Structure formats: C-alpha cells, structure tokens
Amino acid sequence: MSKQLRQEDILPRPEVYEMEMRYFPWGELIEEVAKCVIERAPQNGKVIDLMCGTGFLLAKIGISRPDLELIGIDINETYVDYANDHHRQERDSSITRFLVGDALEEFEESTHCDVVVCTGGLHHLPYENQPRLLAVMRDYLKNDGLAIIADPYTR
C-alpha cells in the first residue's frame, strides 16, 4: 500500500523556502520579475501571481506599487496561510490577498488582469498540463495585458 505524498511532505517550510532565495537563483529571478512589473504595470492595475508560493514576489511589488491590486494563488495551503500572515497588505486603494487554489482552474476574481505572472512554477507541472496553464494565463489577461513566465537556470 503506497502512501500519497503531499506537498507539505516534499516542500520546505515557508520560512526556509524564502531563505533559499538568498542563495539560489530564485532571488535574482524574483528581483527581475518584480522590477518588470513595477515598471510596466499600469496605474491602479491588477496583478495576479499564479503558483505564488509564500507570496514573496507580490510583497516586493506591493512595497513599490501600493496602487496595484495584487492577488496570489497557490495550491499549497501552508504557503498561502504564510503569505496571508506575512505578506498581506491592506492599503488605501487596493489590497494584496492570497487564495488557495489550483493554477490550472480559473477564478472569477482573477479576470481582467493587467499582469499575470508565474515564476518558478511551470516546471512543476507535467508537460501535458503546461498548455492549460498558458491558456488560463491568457484568459485572465486584458487584451493589452502582460504575461510573465519565468524560471531560473544555473550557469
């Protein structure tokens, strides 16, 4: 009888996951994506981060762009709880919020986005599910929206 592994069984604790960004290529990737969103998202725009993990990226964006509505979605409830406890920001014009959910399924509150981001997530999906993620990202975007898919690599 085989035991089904849960994400909590194979992923590090949220605190460890965020500390890894200091030492792995994730930190550089997050910096570049954050910079791109900060510079290119329209005033009072809406940004969604699919497979957001601990919410670190949206927190970084929210510091520089308090005008943006920021939504993070991740299937890992432990990471979403951590994100809401550590990175949820309520501001005058908008909010940062994190939801538990599957990035391959569409959420009503995620439509009409100016920017859709997926960093370090695409490689976690089996190849046959990757086109579905791209379709969901497309469906979330406004016609003139920006999609960013980023995965780190080492040299």
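Residue by residue, region 95-110 carries 3J(HN,Hα) couplings of 8, 9, 9, 10, 10, 7, x, 8, 4, 7, 10, 8, 10, 4, 6, 9 Hz when phi is fed to the Karplus relation 6.51 cos²θ - 1.76 cosθ + 1.60 (θ = phi - 60°); x denotes Gly or Pro. Across region 49-54, computed HN-Hα scalar couplings (Karplus, 6.51 cos²θ - 1.76 cosθ + 1.60, θ = phi - 60°) run 10, 7, 6, 6, x, 7 Hz from first to last residue, x flagging Gly and Pro. Modelled this way, with points 7 Å down the Cα-to-C-beta line, the labels at Ile95 and Ile75 are 2.6 nm from one another.
The label-point distance for Asp85 and Glu31, in a model that sets each label 7 Å from Cα toward Cβ, rounds to 2.9 nm. A simple spin-label model places pseudo-atoms 7 Å from Cα toward Cβ; at Gln130 and His112 they are separated by 3.3 nm.
Read-outs: derived from the displayed coordinates by stated rules, not from any lab. If you're wondering where the values come from, they're calculated on a predicted model, not measured in any experiment. Ideal geometry is used to build each Cβ from the backbone, glycine not excepted, and the neighbour counts take in all protein chains shown.
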